[in-house]
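The values are calculated or read from the model by the stated rules, or taken from the named source; none is laboratory data. In this text, all values refer to a predicted model and were calculated from it rather than measured experimentally. Neighbour counts run over all protein chains shown; Cβ positions are idealised from the backbone, glycine included.
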Amino acid sequence: MYGEKVMDHFENPRNQGTIEDADGIGEVGNPQCGDIMKIYIKVSDDIIEDVKFQTFGCGAAIASSSMATEMIKGKPVKEAWDLSNKAVADALEGLPPQKLHCSVLAEEAIHKAINDYRTRNGLEPWEETGGHSHHSN
Ligand code: FES
């Protein structure tokens, strides 16, 4: 049911693991399936210098976190914030409709990690807008 790209990221996940001295950590769970995703970020000069993930979940969730970490690594924090679950699913060349929510976990976990980083540094957390403007690049 998964495409090649999804299988590749599921079988060879990029950036899997933890960051000991992370600047921000975001953990989210999906109450329906019980899957959990954790994102660790290391920020320097407003750039996501390093990012790692731990996902205890389905193949689509693992592939989404792998792809999402690749997409935000080396990017400004704001750009990482703007990464939508749709962009992640598109980069994976599509997810089955019943698996789209799995990619939402990645977006949410990144948001939590960024706001964790912001509050740790005395900055206002950014607000979830609920609907993202989808940048096509
Ligand atoms: Fe739970 Fe995919 S089924 S995140």
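Checking the stated criteria, Phe53 turns out to be within 16 Å of the ligand (Cβ to nearest atom), outside any helix (DSSP H, G or I) and of a type outside the set (Ser, Thr, Tyr). The single residue among Lys86, Lys52 that is surrounded by 19 or more Cβ atoms within 10 Å (Cβ to Cβ), of a type outside the set (Val, Ile, Thr), over 16 Å from Asp8 (Cβ atoms) and at pLDDT 95 or above turns out to be Lys52.
Is it the case that some residue within segment 56-64 is closer than 21 Å to Gly24 by Cα, of a type in the set (Val, Ile, Thr), at pLDDT 95 or above and within 16 Å of the ligand (Cβ to nearest atom)? Yes, that holds for at least one residue.
Number of residues in segment 14-48 that are within 14 Å of the ligand (Cβ to nearest atom) and in a loop (DSSP other than H, G, I, E, B): the value is 6.
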